[in-house]
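The values are calculated or read from the model by the stated rules, or taken from the named source; none is laboratory data. If you're wondering where the values come from, they're calculated on a predicted model, not measured in any experiment. Here the Cβ is made from the backbone with ideal geometry for all residues, glycine too, and neighbour counts use every protein chain on show.
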């Protein structure tokens, strides 16, 4: 399980600081999830790809909803590109001891185990039986406790503390059917409930508020290669059957390309990384424009797919996007 350092909320500025941290936290989960997703070969592991993509899209929604809350409090969000390997924002650590260092792993059990560590529910996961034998004021607060802490303070704000309609992202821009504006506490409360429920489920159920399997358990399905299925037992669910996960059906991508020295690789591999860095930089810049009330365009997938087909100096290896923010590269402006 991962924890965030507890910070008391006494003023609106305190809440804004924690909301900014929440935005950075949600954003920082995208590269490791996308690296695993992009490393899956086309026409392979369709079930796994669908699950990872769905979680990544919901993390984007969570980030945008947190941006909407901060905008509704009168402050512009700031998107800061993290570095990998590295810790998640907010002083997140395992058990309050060592920081949880996040890596960019290709699709693998290591990638799914890391994702499960990020998404692990408050109080730990619900232990369901397996039908087949498989591998297995506080000082700190979980992500769920962190959002509930924020929610409790936001409930105390007067109506005058909210800026209705300020720089709100909605589903007319992207993520159709998923985003909604935050114009007051009721909207903020709904947004926080969604963020927590989709990530963790509830203490009694692995399902989120829409009746879908929560993020932790979606990654666990891939890790165990079993489906979480309703069952007639005290817990109500059982791990059953198989999803047909093929851990070998991935590009031979290296882990943590941000730490790799591409100067020793062939020019096409270096050029492919520059294209990935430029696409990622543009994505960050366009997202920053979007959360500030402007519109933009987003595209990283095609650059990543191309990079994963270009051999490195070791011809048996390739590298996906390193998710490096490179404003030194020529980045096309928005039209």
Residues of region 206-233 satisfying the condition of being within 17 Å of residue 124 (Cβ to Cβ) and either assigned to a loop (DSSP other than H, G, I, E, B) or not assigned by TED's automatic domain parsing to the domain that holds residue 191 (or both): 206, 214
Residue count, region 97-107 (criterion: surrounded by 16 or more Cβ atoms within 10 Å (Cβ to Cβ) and part of a loop (DSSP other than H, G, I, E, B)): 6
Matching option when the condition is more than 14 Å from the chain's Cα centre (by Cα) and surrounded by fewer than 16 Cβ atoms within 10 Å (Cβ to Cβ), among 77, 85: 85
Residue 121 part of a loop (DSSP other than H, G, I, E, B), modelled with pLDDT under 85 and either out of contact with any helix residue (DSSP H, G or I) (no Cβ under 7 Å at 6 or more places or on another chain) or not assigned by TED's automatic domain parsing to the domain that holds residue 162 (or both): no
Test result for residue 167, out of contact with any strand residue (DSSP E or B) (no Cβ under 9 Å at 6 or more places or on another chain) and at pLDDT 70 or above: yes
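This table checks each residue for (1) assigned to a helix (DSSP H, G or I); (2) touching a strand residue (DSSP E or B) at 6+ places or on another chain (Cβ under 8 Å); (3) modelled with pLDDT of 90 or more.
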{"site": "4", "(1), (2), (3)": "no, yes, no"}
{"site": "8", "(1), (2), (3)": "no, no, no"}
{"site": "14", "(1), (2), (3)": "yes, no, yes"}
{"site": "20", "(1), (2), (3)": "yes, no, yes"}
{"site": "23", "(1), (2), (3)": "yes, no, yes"}
{"site": "37", "(1), (2), (3)": "yes, no, yes"}
{"site": "42", "(1), (2), (3)": "no, no, no"}
{"site": "49", "(1), (2), (3)": "yes, yes, yes"}
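Residues are listed down the side, and each one gets a yes or a no for (1) over 13 Å from residue 118 (Cβ atoms); (2) crowded, with 20+ Cβ neighbours inside 10 Å; (3) touching a helix residue (DSSP H, G or I) at 6+ places or on another chain (Cβ under 8 Å):
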residue	(1), (2), (3)
11	yes, no, no
28	no, yes, no
33	no, yes, yes
39	yes, yes, no
54	yes, no, yes
71	yes, yes, yes
89	no, no, yes
